[in-house]
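Values quoted throughout were computed directly from the atomic coordinates according to the rules given, and no laboratory measurement underlies them. Remember, it's a predicted structure, so these values are computed and weren't measured experimentally. Virtual Cβ from ideal backbone geometry, glycine too; neighbours counted across all protein chains shown.
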């Protein structure tokens with residue numbers, strides 16, 4: 001019987017996002033493909049260090065334990081390596097006991113076109129070109145951007161996911177008003193359209209799927225008071241009143257619940273995110289990501305903010 005990939009919440013992750021490939025990339029760029037191949041073969045049993053997306057992927061896979069009856073999460077390794085040089089990535093996966101058994105190796109070629117074949121709800125990579133092409137083709141994708149890799153402290157079993165709103169969860173319709181007409185017109189526009197939900201943005205469907213399991217966890221908690229919820233979701237947006245109401249309207253229309261929402265109105269997002277300590281944060285504007293410390297950050301190069 002065929003594996004039911006269509007029933008899974010699938011995250012496609014490039015080896016450049018899952019692992020720290022700084023040393024490998026430097027050898028490829030400075031010495032060429034043959035030396036790179038020799039280097040990977042020589043170090044095949046030396047595991048890569050964890051990369052920016054590693055804590056998020058590890059925590060996502062933990063949902064298969066929480067929901068052991070259906071094992072909802074599937075992670076696909078998407079690599080531009082050849083099958084031969086990709087062996088080190090799979091041995092690293094085995095070293096860290098990650099439940100990842102499926103992969104795509106495209107020997108230097110783009111791989112975003114295979115995302116629908118894997119039913120992927122998200123593609124994470126450090127490659128700007130791959131992410132942009134995936135987004136342009138209509139797939140949810142983001143580029144990991146941290147210069148430093150954040151180690152998972154493993155002090156709890158939570159999965160904390162934080163999102164910006166416009167250009168991430170929602171489309172950029174409101175952002176276009178702000179860019180073209182300025183702040184005052186934008187606030188008036190959002191006030192006048194507060195009861196009109198925005199359309200889903202590039203990562204909105206991912207939150208809808210995660211929200212389904214949040215609702216299941218609430219039922220599990222209701223039935224068993226000792227159950228400790230795993231999934232926590234947050235919105236951290238530069239919106240503030242009166243533009244906040246349209247966020248709530250949109251979430252209701254999408255059938256989505258989040259645990260906490262922060263309407264910061266220009267306050268530096270890092271002040272809140274460094275308290276939340278999310279395992280991943282999605283934002284469409286690099287200006288909100290460049291000051292982050294100890295927060296795995298993903299840039300969504302979507303919409304007018306990235307034109």
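Quote the FRET efficiency, to the nearest 0.05, computed for residue 41 versus residue 199 with a Förster distance R0 of 45 Å and r equal to the Cβ-Cβ distance. Once rounded, the FRET efficiency stands at 0.40. Principal semi-axes of the equivalent ellipsoid, √(5λ) from the alpha carbon gyration tensor of the chain, are 33, 23, 18 Å from largest down.
Taking the DSSP bridge list for region 159-306 and keeping only pairs wholly inside it, about 5 percent are antiparallel.
If you build the convex hull over the alpha carbons only and average its shadow over all orientations, what do you get for region 5-144? Give it in nm² to one decimal.
7.9
Using the average count of surrounding beta-carbon atoms within 10 Å as a protection proxy, the listed peptides 190-200, 269-279 rank, highest first, as 269-279, 190-200.
Working from label points 7 Å from Cα in the Cα-to-Cβ sense, the residue 95 to residue 34 distance is 2.7 nm. For region 159-306, the relative contact order comes to 33 percent (Cα pairs under 8 Å, sequence separation of at least 6). In the chain, the DSSP beta bridges split such that about 15 percent are antiparallel, to the nearest 5.
Centroid-to-centroid, using Cα positions, region 164-222 and region 275-307 are 16 Å apart.
Across the chain, Cα pairs under 8 Å and at least six residues apart give a relative contact order of 19 percent.
Secondary-structure-derived ellipticity at 222 nm for the chain, considering helices only, amounts to -10500 deg cm²/dmol, per-run term -39500 (n - 2.57) for DSSP H runs with n ≥ 4.
In the elastic network of the chain, a GNM with C-alpha springs shorter than 10 Å, the most mobile of 235, 210, 267 is 267. Among 266, 167, 204, the residue with the largest mean-square fluctuation in a Gaussian network model of the chain, with springs joining Cα atoms closer than 10 Å, is 266.
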